[in-house]
Amino acid sequence: MRRVVFCDFDGTITVEETFVAVLKKFAPELSAKLLPEIYERRVTLREGVRKMLESIPSSRYPEILEFTQLQPMRREFVELLDFLEFQGVPLVVVSGGLRGMVEVVLDSLVNRVHAIHAVDVDTTGPYLKVHSEYEGGTEMMAKVQIMAKYPAYQKIAIGDSITDLNMALQASTVFARDRLAVYLDEQRKTYVPWNNFLDVRDYLAKLWNKA
């Protein structure tokens with residue numbers, strides 16, 4: 001592959017931080033305690049996300065999916081997919097949230113993305129049990145490990161929050177907004193600010209036309 005686009009899901013493909021909303025709704029006490037600690041990087045994503053998710057009864061998982069299904073997607077995502085398909089560039093969804101949440105929101109678009117990497121859950125016990133093929137370091141979903149699976153000379157990252165930081169630091173081109181932009185300013189990593197996927201599409205069109 002010459003180029004690959006790695007796109008976060010929560011707050012990036014979705015308008016709002018869907019996974020955070022789920023944690024606040026279904027694990028309110030723990031999320032109130034742990035989310036600020038995660039944002040300040042005093043608690044790792046790996047530790048905090050596991051604690052919050054595994055405090056939720058398995059019986060509530062259908063409610064989680066139902067709640068997620070109502071979350072709006074950024075409308076311009078389809079335009080970005082159209083552009084990338086025309087260019088022959090795969091889009092890989094990398095989410096620190098749950099696979100089921102990603103799939104119910106994307107719906108028929110699941111077939112148009114190259115791959116989805118997200119956290120899986122086992123609902124056979126009394127509480128959710130999380131599993132990630134790419135758990136490592138401080139992350140429940142080590143996005144840099146996922147990037148390494150896709151050899152390409154140009155790796156583009158699109159994100160919005162702390163779960164995208166390591167991915168952004170490794171990418172050749174980064175589109176950042178919200179918390180991710182703040183973290184990248186601290187790290188002095190260059191990025192392209194974006195408001196919607198048309199910004200991303202138009203920037204990439206210009207970049208690739210120069211190549």
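The values are calculated or read from the model by the stated rules, or taken from the named source; none is laboratory data. The shown structure was predicted, so the numbers you read here are calculated from the model rather than taken from an experiment. Counting neighbours? That spans all protein chains shown, and the Cβs are built from the backbone with ideal geometry, glycine included. With ligands, DNA and RNA removed, areas are computed over all heavy atoms of the protein, side chains included. Shrake-Rupley method; radii C 1.70, N 1.55, O 1.52, S 1.80 Å.
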Small (G, A, S), over 28 Å from M52 (Cα atoms) and either in contact (Cβ under 8 Å) with a residue 40 or more places away in the chain or open to solvent by less than 10 Å² (accessible area, probe 1.4 Å) (or both): is that true of A118 in this structure? no
Those residues that are out of contact with any strand residue (DSSP E or B) (no Cβ under 7 Å at 6 or more places or on another chain) and either of a type in the set (A, V, I, L, M) or touching a residue at least 24 places away in the same chain (Cβ under 8 Å) (or both), I need them from the stretch 171-203; list them, please. D178, R179, V182, N196, F197, L198, D199, R201
Residues of the stretch 166-192 being surrounded by 23 or more Cβ atoms within 10 Å (Cβ to Cβ) and either within 21 Å of R46 (Cα to Cα) or touching a Phe, Trp or Tyr at 6+ places or on another chain (Cβ under 6 Å) (or both), in sequence order, are M167, A168, V174, F175, A176, L180
Within the stretch 131-143, track down each residue that is in contact with a helix residue (DSSP H, G or I) (Cβ under 6 Å, 6 or more places away or on another chain) and either under 10 Å from V94 (Cβ atoms) or buried (at least 17 other Cβ atoms within 10 Å of the Cβ) (or both). Y134, E139, M140, K143
Among the residues of the stretch 66-97, what is the count of those that are part of a strand (DSSP E or B) and either of a type in the set (K, R) or in contact with a Leu (Cβ under 8 Å, 6 or more places away or on another chain) (or both)? 4
Of the conditions (1) closer than 20 Å to L91 by Cα; (2) modelled with pLDDT of 95 or more, A32 clears all except one; give me its number. (1)
Are any of the residues in the stretch 102-116 among the hydroxyl-bearing types (S, T, Y) and farther than 28 Å from V200 by Cβ? no
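Per-residue answers, yes or no, for (1) closer than 14 Å to V130 by Cα; (2) modelled with pLDDT under 95; (3) open to solvent by 70 Å² or more (accessible area, probe 1.4 Å); (4) of a type in the set (D, E, K, R):
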{"residue": "I56", "(1), (2), (3), (4)": "yes, no, no, no"}
{"residue": "F67", "(1), (2), (3), (4)": "no, yes, no, no"}
{"residue": "L70", "(1), (2), (3), (4)": "no, yes, yes, no"}
{"residue": "F83", "(1), (2), (3), (4)": "no, no, no, no"}
{"residue": "L106", "(1), (2), (3), (4)": "no, no, no, no"}
Just the residues that are under 19 Å from L207 (Cα atoms) and in a loop (DSSP other than H, G, I, E, B), please, taken from the stretch 158-196. A171, S172, K189, T190, Y191, W194, N195, N196
Mind listing just one residue for me: the one in the stretch 148-166 that is among the charged types (D, E, K, R) and under 16 Å from A181 (Cβ atoms) and, of those, modelled with the lowest pLDDT? D164
When the stretch 16-46 is checked residue by residue, the ones that are open to solvent by 30 Å² or more (accessible area, probe 1.4 Å), under 17 Å from N166 (Cα atoms) and free of Cβ contacts under 8 Å to residues at least 60 places away in the same chain are E40, R42
